[in-house]
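The block underneath contains the structure these notes are about, expressed in structure tokens.
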Amino acid sequence: MFLSVFDIFKVSVGPSSSHTMGPMLAARRFRDKVATVPANGAKIECRLYGSLAYTGEGHGTFRAVLCGLIGMTPQTYDRAEADAALDELARTKSVMMGNSRVVLDPAIAIIAEKGKRLPGHPNAMQFRLLKGEPDLLSEVYYSVGGGFVMTEAEFAADQAGRPTGAAVTVPYPFATAAEMLAMGEASGLSIAEMKRANELTLRPAEELDRGIATVWDVMNRCIDRGLEGEGVLPGGLNVKRRAHGVREKLAGRAGANDMPLHSAVDWLQAYAMAVNEENAAGGQVVTAPTNGAAGVIPAVIRYYLDFIPGASRAKVADMLLVAAAIGGLIKFNASISGAEVGCQGEVGSASAMAAAALCAVLGGSNAQVENAAEIALEHHLGMTCDPIRGLVQVPCIERNGMGAVKAVAAASLAALGDGQHIVPLDACIETMRQTGRDMDERYKETSLAGLSVNLPEC
């Protein structure tokens with residue numbers, strides 16, 4: 001089992017990796033298929049199922065699908081360019097794909113099949129190229145969380161343990177936390193060192209270091225933009241951006257004799273909320289491991305740099321490598337998709353990843369790092385995903401702040417221990433998987449229960 005650090009941390013566009021980024025990528029893949037066949041005059045249709053149908057409007061899924069079909073990707077997305085291109089599409093109701101002009105009417109091309117789901121995954125979409133009978137092309141895609149997209153065939157192969165991509169042979173192929181600890185013990189290497197060695201099988205050191213530096217740069221700039229941003233977030237909930245105001249108050253009392261000791265925690269939450277306010281506004285973020293949980297890891301890294309004595313910018317790469325190692329274990333053995341296991345798989349996973357990363361640079365042993373991840377994840381078990389109106393705003397933005405706080409507390413607690421603990425990380429991950437499997441679908445990113453329906457009664 002190997003997931004690269006760049007599989008876990010991908011430059012994305014808000015507000016959702018599974019409901020915005022994934023559908024955009026799926027639509028772009030279908031566009032590339034259409035470009036290979038004679039399709040002049042044919043019509044494209046997209047049907048959304050499960051969670052995508054219920055919360056697609058709030059997550060920007062409709063727009064994302066259209067952007068993908070006209071050729072955009074999350075990595076190069078520019079909102080102004082997208083606005084202009086979508087205005088043109090609304091006027092022409094058609095788009096060039098390869099050598100063919102294809103009918104694409106944004107008013108009717110995307111259909112939300114509420115109440116229906118496809119058997120593979122809650123986040124499903126079917127694209128069809130229509131020109132008489134039978135369909136010229138048809139493909140089902142699943143957006144499985146964190147911006148990962150699979151066709152129906154790829155998903156079935158993955159579930160059967162037959163990965164469709166090229167096999168990657170790495171020196172430390174740990175698929176469980178127990179294997180990770182055993183390999184670390186045998187090699188004398190830290191988790192970051194093992195993860196780095198695995199990454200170097202895919203790319204030279206200079207490219208790896210440059211890529212990781214870019215990931216952190218995007219994360220850090222997102223924090224800064226979020227701390228500067230003001231106003232009301234889009235979507236109709238009238239949620240005011242708060243990170244800027246918190247930053248102003250914290251800066252105003254800096255150095256005061258009565259400044260409370262928990263001010264560092266306030267900054268930590270401000271960093272996390274800043275990222276997720278940017279995400280909610282449709283800005284550029286990094287999946288960490290998802291958009292909905294994008295604020296936790298950047299906030300903990302920034303907290304480390306700003307508030308931990310002796311912190312080193314050079315350690316950020318180790319933090320991201322350790323976080324990616326833990327995130328890969330969670331994705332492989334459970335899920336990072338809110339639509340599949342609830343928010344325990346998003347903010348819970350991010351908190352575990354951040355706790356492990358911080359513990360590592362605080363000098364924690366491999367056992368302590370694994371303990372930190374377990375502590376953070378354990379105390380998110382059972383967390384539902386019930387975004388109000390399907391928007392990644394309430395409770396998502398504050399929840400990232402709380403996930404960051406839990407991550408720092410877990411890292412500190414583990415670093416004060418000796419690595420010995422009752423519940424191993426593998427058992428906690430399996431518990432999350434089982435809990436998500438048993439969780440009522442209404443509490444898994446459908447906005448059909450929980451805060452989503454009880455807010456009007458409060």
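Straight-distance candidates among the lysines for linking to residue 10, with alpha-carbon spacing under 19 Å and chain neighbours fewer than 8 residues away dropped: 195, 331. 3J(HN,Hα) along segment 260-274: x, 5, 7, 4, 4, 5, 4, 4, 4, 5, 4, 4, 5, 5, 4 Hz, from the Karplus curve 6.51 cos²θ - 1.76 cosθ + 1.60 with θ = phi - 60°, whole Hz, x for Gly and Pro. The Rg/Rh ratio for the chain, using Cα coordinates for both the radius of gyration and the Kirkwood hydrodynamic radius, is 0.98. Shown for segment 330-449 is the translational diffusion coefficient from the Stokes-Einstein equation, using the Kirkwood radius over Cα pairs, a temperature of 37 °C and a viscosity of 0.692 mPa s: 232 µm²/s. Identify, among 283, 404, 344, the residue whose Cα sits farthest towards the positive end of the charge dipole of the chain, taking +1 on the Cβ of Lys and Arg and -1 on the Cβ of Asp and Glu, with the dipole about the Cα centre. Going by the Cα projections, it comes out as 283.
With a Förster radius of 35 Å applied to the beta-carbon distance between residue 418 and residue 332, the computed FRET efficiency rounds to 0.80. Between residue 312 and residue 90, the distance separating the two model label sites (each 7 Å from Cα on the Cα→Cβ line) works out to 5.4 nm.
In the P(r) worked out for segment 222-284, what percent of Cα pairs fall beyond 20 Å? When all Cα pairs of segment 222-284 are counted, 29 percent exceed 20 Å.
The distance between label points at residue 455 and residue 201 comes to 4.6 nm (points 7 Å beyond Cα on the Cα→Cβ vector). When the P(r) is computed for segment 102-193, the part past 15 Å accounts for 74% of the Cα-Cα pairs.
Between residue 107 and residue 441, the contour length at 0.36 nm per residue exceeds the alpha carbon distance by 117.3 nm.
Adding -39500 (n - 2.57) for every DSSP H run of four residues or longer, then dividing by how many residues the chain holds, sets the calculated 222 nm ellipticity at -15500 deg cm²/dmol. With Rh defined as the Kirkwood radius, the inverse of the mean 1/r over Cα pairs, the Rg/Rh of segment 7-71 is 1.01.
Once both labels are positioned 7 Å from their Cα atoms along Cα-to-Cβ, the gap between residue 213 and residue 250 label points is 2.7 nm. Note that segment 390-458 shows a convex hull volume over its alpha carbon atoms of 122 Å³ per residue. For a straight C-alpha distance cut-off of 29 angstrom, the lysines reachable from residue 249 (same-chain residues fewer than eight places away being disregarded) are 240, 406.
Accessible area per residue was computed with a 1.4 Å probe on protein heavy atoms; residue 116 scores about 110 Å².
The values are calculated or read from the model by the stated rules, or taken from the named source; none is laboratory data. Remember, predicted model here, so these are calculated numbers, not experimental data. Every residue, glycine as well, gets a Cβ built from its backbone with ideal geometry; the counts of neighbours run over all protein chains shown. The protein model used for the area step is the full one, side chains on, heavy atoms only, and it has no ligands, DNA or RNA in it. Shrake-Rupley method; radii C 1.70, N 1.55, O 1.52, S 1.80 Å.
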